[in-house]
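This report concerns only the one structure given below.
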Amino acid sequence: MTAEFIPPAKPLIGDEERAAVDRVLRSGMIAQGPEVAAFEAEFSEHFKLGRACVAVNSGTSGLHLGLLSCGIGAGDEVIVPSFTFAATANSVALTGATPVFADIERGSFCLDPASVEASITERTKAIMPVHLYGHPANMVALREIADKHGLKLFEDAAQAHGASLNGIPVGAFGEFGMFSLYPTKNMTSGEGGMVTAADDTIERNLRLYRNQGMLQQYHNEVVGLNNRMTDIHAAIGRVQLTKVDAWTKTRQQNADYLSSHLEGVTAPPVAEGAVHVYHQYTIRVADDRDGLAKALKDEYNVGSGMFYPVPNHRLKPFQSPVELPETERAALECLSLPVHPSVTQEHLERIVTAVNTLAKAGA
Ligand SMILES: Cc1ncc(COP(=O)(O)O)c(C=O)c1O
């Protein structure tokens with residue numbers, strides 16, 4: 001095997017990011033400061049969110065603080081997908097509330113509104129869909145359900161910078177929305193998260209919880225955390241904001257190429273009115289997904305990822321007897337192929353040859 005390895009993800013850090021970090025280090029002011037404030041304003045403006053953004057030190061912190069800021073706590077239930085990264089349910093559990101797992105739609109891999117409605121109890125306070133892989137969840141149906149039952153609606157947009165539904169950007173639908181800025185995401189700040197707030201109270205609460213419960217030094221209003229973003233991280237994020245649109249376009253072009261050339265596997269469908277930003281390009285492999293992943297690596301040097309082979313309701317902290325057939329099926333079938341901006345035409349052609357040959361051979 002001589003062809004170079006095609007990694008499933010590749011963070012892109014350039015000279016501009018290095019210069020921005022250097023600028024902050026030289027300023028002597030490296031904790032949360034003017035870079036964070038500028039990053040918050042620029043992020044909101046860039047993604048046309050039309051609301052305030054609050055930067056924190058990780059996406060997980062962003063979900064946790066968003067939930068606290070909207071009054072979620074002990075005794076409450078929040079409906080979430082099981083087919084997601086554990087941070088979604090972890091953040092609910094950390095507030096003292098209970099994550100209740102609903103099933104996903106076969107097409108989008110995102111929460112199924114019918115399953116959500118069937119999961120509502122008298123303790124349900126909110127619904128928190130995930131825009132999984134960069135595809136928006138069905139926010140129109142979920143908003144209708146939330147309004148009908150007097151529930152709050154939140155967004156885990158960790159993987160969906162720039163995605164939209166019916167022209168509305170994700171992060172602008174819920175009482176809060178959270179974008180992760182982890183290195184493998186569509187843009188990064190090193191580690192970090194950005195939380196959108198639907199109103200001034202939620203924004204104020206986010207800023208309080210982020211900073212030990214203080215807006216004014218030593219005038220603590222609530223019990224809070226230290227979840228602040230540093231100016232070093234914000235400086236990286238500000239540069240990445242100037243690049244993310246071009247990267248997204250490349251992801252979409254790569255996805256179009258794969259979808260029009262792959263055979264024998266199910267390509268990811270895009271719902272009507274949805275803009276998919278392909279954090280992951282996830283196919284379904286009906287027979288022996290694990291065997292296909294191994295053969296892709298061994299025979300073609302193509303990396304791939306399984307997000308997520310163990311659904312949250314089967315994980316030790318969350319074990320639940322709930323039956324989620326589409327979630328179980330997706331966990332067995334999902335395989336993410338390289339789609340990131342560093343994937344070249346040669347890579348795309350090798351991925352297509354590899355998948356088509358192996359799928360036909362029944363690997
Ligand atoms: C769906 C989802 N939610 C939440 C998170 C948490 O984000 P972070 O890793 O920035 O804490 C991630 C990141 O991996 C994620 O993919």
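The values are calculated or read from the model by the stated rules, or taken from the named source; none is laboratory data. These numbers come from a predicted model, not from an experiment. Here the Cβ is made from the backbone with ideal geometry for all residues, glycine too, and neighbour counts use every protein chain on show. Just so you know, the surface numbers come from the protein's heavy atoms only, side chains and all, with ligands and any DNA or RNA stripped out. Shrake-Rupley method; radii C 1.70, N 1.55, O 1.52, S 1.80 Å.
Of note:
- Pairs, first free of Cβ contacts under 8 Å to residues at least 40 places away in the same chain and open to solvent by 10 Å² or more (accessible area, probe 1.4 Å) in the range 169-180, second within 12 Å of the ligand (Cβ to nearest atom) and charged (D, E, K, R), C-beta under 7 Å, six or more apart: PHE173/GLU155
- Counting the residues of the range 181-209 that are closer than 14 Å to ALA55 by Cα and either away from the ligand (no atom under 14 Å from the Cβ) or open to solvent by 60 Å² or more (accessible area, probe 1.4 Å) (or both) gives 12.
- The residue that is surrounded by the most Cβ atoms within 10 Å (Cβ to Cβ), among those in the range 80-101 that are among the aliphatic types (A, V, I, L, M) and either away from the ligand (no atom under 15 Å from the Cβ) or assigned to a loop (DSSP other than H, G, I, E, B) (or both), is VAL100.
- For LYS185, the criteria (1) out of contact with any strand residue (DSSP E or B) (no Cβ under 6 Å at 6 or more places or on another chain); (2) assigned to a loop (DSSP other than H, G, I, E, B); (3) within 20 Å of ILE202 (Cβ to Cβ) hold in every case but one, which is (3).
- Count - residues of the range 325-363 that are in contact with a Pro (Cβ under 7 Å, 6 or more places away or on another chain) and aliphatic (A, V, I, L, M): 2
- Residues located in the range 281-330, provided they are free of Cβ contacts under 8 Å to residues at least 60 places away in the same chain, away from the ligand (no atom under 16 Å from the Cβ) and part of a loop (DSSP other than H, G, I, E, B): ALA286, GLN319, PRO321, GLU323
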